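> Okay, handing you the structure first.
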Amino acid sequence: MGRPLYFRFDSFDNYFCLKFTDCPREPTAVWQDDLYEYRFQLIRGLRTGEIKGFSNDGGDLAQDYPRLMELLAQHPIPGLYDVPNLNLTDATLPQIITAIYERYVATRRAELQQVYPVVGAQAPVLQVADRPADKSQTEE
Amino acid sequence: MTPDLIAWLTAPEDVRERRARMAGYLANEGYLLPPPPADADYDEAGATHWVRSQEMTVAYSVVDQGGRRVYHYVEHEVDHILLRRIERSEEWAIQYLATIPSILRRGRVSEEDPDRVVYLSQRVYVAPAGSKCRIRIIVQRTEGRRWYVATLHPRWDR
């Protein structure tokens, strides 16, 4: 069994929060986010100094994922974790972040392209209606 | 912080009600939401902008040290900045919410790229348990090319 992590994802800016559920609650602050180029943070307890979880507040997983994987390979975080609401057990942090990316970001690719248009991508061809609109739907 | 608490805090449809719930929760924990900053520009307060496909209401704006007009949005403050601080046990840092304008004007720029600027407060704040923290603010540029305050969080300072 890995250490249990609470998980929440915010699709507004592709934010994730992973917090340990097996340790007492205490005030926290961000730690070592510069090491991960502000794309990833360790959440550190201010009383005990323990790591309380991980997050990417201020980043965007849709844009940061490839670089974040490189950074986690350069500065690995050891341990195996369980994330019940991702159905993951004994997973490493890169495996968890990959699962988040695949389930919450990659599946919304079309929606995200409206927010981050692909440079050079062809605009969709406008469809012309082949019959007049229903009278009830006509604007006055 | 439990999923039930998150659901309760975010349940009201109206942003003012969500803010009031969070303010009540924070008061129970011993923290008060600060009043709006006096050193911000309120000329466009109440205007709405589209940010990442969501309509947001301008709370105020600030011209930062790089000459960018940076907007701070009501909905973003409640649904993202406040909620995340509560979720992560960083409620204590919410009392520094009103320092956003001064940090954008006089903070240290940690990183700058075309769509993101990372600021760190010059001032070191005493956090719970006697720890020392600075306040980090990250501003980002929207698809509409407007800058906005993406987050404010405390950063442990050794």
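> Across the range A:39-59, what is the total count of residues that are part of a loop (DSSP other than H, G, I, E, B), touching a Lys or Arg at 6+ places or on another chain (Cβ under 8 Å) and either facing chain B (nearest Cβ under 7 Å) or among the small types (Gly, Ala, Ser) (or both)?
Within the range A:39-59, the first condition is being part of a loop (DSSP other than H, G, I, E, B), and the residues that meet it are A:39-40, A:46-50, A:56-59.
When the remaining residues are screened for being touching a Lys or Arg at 6+ places or on another chain (Cβ under 8 Å), the result is A:39, A:50, A:56-59.
Among the residues that remain, those that are also either facing chain B (nearest Cβ under 7 Å) or among the small types (Gly, Ala, Ser) (or both) are: A:57-59.
Qualifying residue count, the range A:39-59: 3.
> Something else now. Among all residue pairs at least 6 apart or on different chains, which show Cβ distances below 7 Å where the first residue, located in the range A:3-18, is surrounded by fewer than 17 Cβ atoms within 10 Å (Cβ to Cβ) and the second is small (Gly, Ala, Ser) and at pLDDT 95 or above?
Filtered contacts from the range A:3-18: A:Arg3/A:Gly79.
> For A:Gly59, all conditions in the list (1) farther than 22 Å from B:Val117 by Cβ; (2) in contact (Cβ under 8 Å) with a residue 24 or more places away in the chain hold save one; what is the number of the exception?
If we test A:Gly59 against (1) farther than 22 Å from B:Val117 by Cβ; (2) in contact (Cβ under 8 Å) with a residue 24 or more places away in the chain, just (1) comes out false.
> Which one of these is touching a strand residue (DSSP E or B) at 6+ places or on another chain (Cβ under 8 Å) and either among the charged types (D, E, K, R) or under 14 Å from B:Thr151 (Cβ atoms) (or both): B:Ile100, B:Ile94?
Numbers: B:Ile94 fails: touching a strand residue (DSSP E or B) at 6+ places or on another chain (Cβ under 8 Å).
Just one listed residue meets the conditions, B:Ile100.
> Within the range B:120-141, how many residues turn out to be polar (S, T, N, Q), facing chain A (nearest Cβ under 9 Å) and either in a loop (DSSP other than H, G, I, E, B) or free of Cβ contacts under 8 Å to residues at least 12 places away in the same chain (or both)?
Keep residues of the range B:120-141 that are polar (S, T, N, Q), which gives B:121-122, B:131, B:140.
Pick out the ones that are also facing chain A (nearest Cβ under 9 Å) and you get B:131, B:140.
Subsequent filtering for residues that are either in a loop (DSSP other than H, G, I, E, B) or free of Cβ contacts under 8 Å to residues at least 12 places away in the same chain (or both) retains B:131.
Matching residues across the range B:120-141 total 1.
> Which condition number does A:Ser11 fail, the rest of (1) in contact with a His (Cβ under 8 Å, 6 or more places away or on another chain); (2) closer than 26 Å to A:Asn87 by Cβ; (3) small (Gly, Ala, Ser) being met?
(1)
> Could you say whether any residue in the range A:60-71 is within 7 Å of chain B (Cβ to nearest Cβ) and closer than 16 Å to A:Leu93 by Cβ? Break it down stepwise before answering.
Initially, the range A:60-71 is screened for residues within 7 Å of chain B (Cβ to nearest Cβ), giving none.
Within the range A:60-71 (the criterion being within 7 Å of chain B (Cβ to nearest Cβ) and closer than 16 Å to A:Leu93 by Cβ), the answer is no, since none of the residues qualifies.
> Continuing with this model, one more query. Taking B:Glu17 as meeting all but one of (1) of a type in the set (Asp, Glu); (2) in a helix (DSSP H, G or I); (3) in contact with a helix residue (DSSP H, G or I) (Cβ under 9 Å, 6 or more places away or on another chain), write down the number of the exception.
Going through the list (1) of a type in the set (Asp, Glu); (2) in a helix (DSSP H, G or I); (3) in contact with a helix residue (DSSP H, G or I) (Cβ under 9 Å, 6 or more places away or on another chain), B:Glu17 breaks only (3).
> Report yes if B:Leu97 is more than 12 Å from chain A (Cβ to nearest Cβ), part of a helix (DSSP H, G or I), aliphatic (A, V, I, L, M) and surrounded by fewer than 22 Cβ atoms within 10 Å (Cβ to Cβ), otherwise no. Full working, then the answer.
Numbers: more than 12 Å from chain A (Cβ to nearest Cβ): yes; part of a helix (DSSP H, G or I): yes; aliphatic (A, V, I, L, M): yes; surrounded by fewer than 22 Cβ atoms within 10 Å (Cβ to Cβ): yes.
Criteria met by B:Leu97.
Per-residue answers, yes or no, for (1) more than 10 Å from chain A (Cβ to nearest Cβ); (2) part of a strand (DSSP E or B); (3) out of contact with any Asp or Glu (no Cβ under 9 Å at 6 or more places or on another chain); (4) without any contact (Cβ under 8 Å) to a residue 60 or more places away in the chain:
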{"residue": "B:His72", "(1), (2), (3), (4)": "yes, yes, yes, no"}
{"residue": "B:His80", "(1), (2), (3), (4)": "no, no, no, no"}
{"residue": "B:Val118", "(1), (2), (3), (4)": "no, yes, no, yes"}
{"residue": "B:Glu143", "(1), (2), (3), (4)": "no, no, yes, no"}
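> Which numbered condition in (1) surrounded by 13 or more Cβ atoms within 10 Å (Cβ to Cβ); (2) not basic (Lys, Arg); (3) not in a loop (DSSP other than H, G, I, E, B) is the only one that B:Asp4 fails?
Answer for B:Asp4: the failing condition is (1).
> Could you tell me whether A:Thr28 is at the interface with chain B (Cβ under 10 Å from one of its Cβ atoms), surrounded by 21 or more Cβ atoms within 10 Å (Cβ to Cβ), closer than 22 Å to B:Gly130 by Cβ and over 18 Å from the mean Cα position of the chain (by Cα)? Even if it seems obvious, please write down each step before you answer.
Working: at the interface with chain B (Cβ under 10 Å from one of its Cβ atoms): yes; surrounded by 21 or more Cβ atoms within 10 Å (Cβ to Cβ): yes; closer than 22 Å to B:Gly130 by Cβ: yes; over 18 Å from the mean Cα position of the chain (by Cα): yes.
Yes, satisfied.
> Just need a number here: residues in the range B:20-52 that are assigned to a helix (DSSP H, G or I) and of a type outside the set (Ser, Thr, Tyr).
Filtering the range B:20-52 down to residues assigned to a helix (DSSP H, G or I) leaves B:20-29.
Subsequent filtering for residues that are of a type outside the set (Ser, Thr, Tyr) retains B:20-24, B:26-29.
Selection size over the range B:20-52: 9.
> Next up: Could you please let me know if A:Leu88 is more than 10 Å from every other protein chain (Cβ to nearest Cβ), crowded, with 18+ Cβ neighbours inside 10 Å, under 16 Å from A:Pro4 (Cβ atoms) and touching an Asp or Glu at 6+ places or on another chain (Cβ under 7 Å)?
Numbers: more than 10 Å from every other protein chain (Cβ to nearest Cβ): yes; crowded, with 18+ Cβ neighbours inside 10 Å: yes; under 16 Å from A:Pro4 (Cβ atoms): yes; touching an Asp or Glu at 6+ places or on another chain (Cβ under 7 Å): yes.
It is true that A:Leu88 is more than 10 Å from every other protein chain (Cβ to nearest Cβ), crowded, with 18+ Cβ neighbours inside 10 Å, under 16 Å from A:Pro4 (Cβ atoms) and touching an Asp or Glu at 6+ places or on another chain (Cβ under 7 Å).
The values are calculated or read from the model by the stated rules, or taken from the named source; none is laboratory data. Since we're looking at a predicted model, the values are computed, not measured. Ideal geometry is used to build each Cβ from the backbone, glycine not excepted, and the neighbour counts take in all protein chains shown.
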